[in-house]
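To start, the structure under review is shown below, and the notes come after it.
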Amino acid sequence: EKVSFRVEVLVPVLQLNYSNNAALAAQMMGICEAMNLGDALGVDPVILAKVMNVSTAKCWSSEVNNPHPDAAKEIGSGASAHKYEGGFGTALMLKDLNLAVDCGEEQGLVLPISGMTRDWYRLADKHGYGKKEFGVMLQFLKGAKV
């Protein structure tokens, strides 16, 4: 069943984008860590993704854009199935995280998860992953070169 809704332009679209992408980046980092943990423990990534997608870890980053190449190939979508080419780049995610954290600071908010996530994306960008799709963090976190 498809759910439709209309967003009234009460809030500038950019602020919606910053908030959404802050959540998305943190979500992707969590899925990357979980998939790396599964690999280290000898769990088949396809099975892990299937379990996650019917359990409490289910989210867009696990179900639609899984950062593990084997899981992405199985579900038939995700840039990780294509060596992290295409999709939303790591440098673009870093830009949005910088803006989100800056906006939070301007509002007097503490955004510890967004701040830590931004730091990891900044490191990945400095190590040459900026043009790769942002799910490449799976490889970056385990020290692999893509």
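Counting only helical runs of four or more DSSP H residues, what would the 222 nm mean residue ellipticity of the chain come to if each run contributes -39,500 (n - 2.57) and the total is spread over all its residues?
-17500 deg cm²/dmol
Based on the Kirkwood radius over alpha-carbon pairs, what is the Stokes-Einstein translational diffusion coefficient of segment 1-82 at 10 °C with 1.306 mPa s viscosity, in µm²/s? Don't skip to the end; give the middle numbers.
Working: Rh = 14.0 Å.
In µm²/s, the coefficient rounds to 114.
Please report the equivalent ellipsoid semi-axes of segment 61-144, computed as sqrt(5 x eigenvalue) of the Cα gyration tensor, largest first, in whole Å.
25, 13, 11
For each pair in Lys95/Lys126; Lys50/Lys131; Lys95/Lys131; Lys83/Lys131; Lys83/Lys126, compute the distance between the two Cα atoms and list the pairs where it is over 21 Å.
Checking Cα-Cα distances, Lys50/Lys131 exceed 21 Å.
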- Carbon and sulfur: what percent of segment 21-146's accessible surface (1.4 Å probe)? 59
- For segment 50-140, the per residue accessible area (1.4 Å probe, Å²) is 53
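The values are calculated or read from the model by the stated rules, or taken from the named source; none is laboratory data. Keep in mind the model is a prediction, meaning the values are calculated, not measured. SASA here: full protein model, heavy atoms, side chains in, ligands and nucleic acids out. Shrake-Rupley method; radii C 1.70, N 1.55, O 1.52, S 1.80 Å.
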